[in-house]
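J.: Sharing a structure below in structure tokens format, with a few things to ask.
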Amino acid sequence: MARHLALFPVGAEVRVVRRERLEEFRRTWQLHHPLDEEQIPHGGTIARIAAVSFYHGDALYTLEKVPGVWHEACLAPAHTSHAV
């Protein structure tokens, strides 16, 4: 059986992408687990991964203190390196 890989492990801090990207994802995503309207205001929020699951090979995340199920495309590392 194939092993699924998640970009972010449980406990990792992530940043929800900005609101404009969430709105674009919501408008264009046609498959499972669409974003709910209540998720859109959380753009830019930093949160910790509470759980990771998979649906048809797609990683789905539950965040601490942030409602909804989140697709990997809607998340980014909380802190990015500025090293040269």
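J.: When you check Ala50 against the structure, is it modelled with pLDDT under 95 and not acidic (Asp, Glu), yes or no?
T.: No; evaluated as a whole, the condition is false for this residue.
J.: On to the next question. Would you mind finding the one in Thr62, Thr80 that is at pLDDT below 95 and either under 18 Å from Leu7 (Cβ atoms) or among the hydrophobic types (A, V, I, L, M, F, W, C) (or both)?
T.: Checking each option against the conditions leaves just Thr80.
J.: Here's something else I'd like to know. Could you list, in sequence order, all residues of the stretch 1-18 that are of a type in the set (Val, Ile, Thr), touching a Gly at 6+ places or on another chain (Cβ under 7 Å) and in a loop (DSSP other than H, G, I, E, B)?
T.: Of everything in the stretch 1-18, just one residue is of a type in the set (Val, Ile, Thr), touching a Gly at 6+ places or on another chain (Cβ under 7 Å) and in a loop (DSSP other than H, G, I, E, B), namely Val17.
J.: Only one of Ala59, Ala78, Ala50 is surrounded by 13 or more Cβ atoms within 10 Å (Cβ to Cβ), touching a Lys or Arg at 6+ places or on another chain (Cβ under 7 Å) and in contact (Cβ under 8 Å) with a residue 12 or more places away in the chain. Can you tell me which?
T.: Ala78 is the lone residue from the list that is surrounded by 13 or more Cβ atoms within 10 Å (Cβ to Cβ), touching a Lys or Arg at 6+ places or on another chain (Cβ under 7 Å) and in contact (Cβ under 8 Å) with a residue 12 or more places away in the chain.
J.: Test Arg21 against the stated conditions and say whether it is surrounded by fewer than 12 Cβ atoms within 10 Å (Cβ to Cβ) and part of a helix (DSSP H, G or I). Steps first, answer last, please.
T.: Values: surrounded by fewer than 12 Cβ atoms within 10 Å (Cβ to Cβ): no; part of a helix (DSSP H, G or I): yes.
No.
J.: Next question, about the same structure. Identify, from the list Gln30, Gln39, the residue that is modelled with pLDDT of 95 or more and more than 18 Å from Phe8 (Cα to Cα).
T.: Gln39
J.: Return the pairs, sorted by first residue and then second, in which the second residue is surrounded by 13 or more Cβ atoms within 10 Å (Cβ to Cβ), the first residue lies in the stretch 17-28 and is among the acidic types (Asp, Glu), the beta carbons are less than 9 Å apart, and the residues are 6+ apart or on different chains.
T.: Glu20/Gly43; Glu23/Leu35; Glu23/Ile40; Glu23/Gly43
The values are calculated or read from the model by the stated rules, or taken from the named source; none is laboratory data. Please read all numbers here as calculations on a predicted model, not as lab measurements. Heads up, the Cβs are rebuilt from the backbone with ideal geometry, glycines too, and the neighbour counts pull from every protein chain shown.
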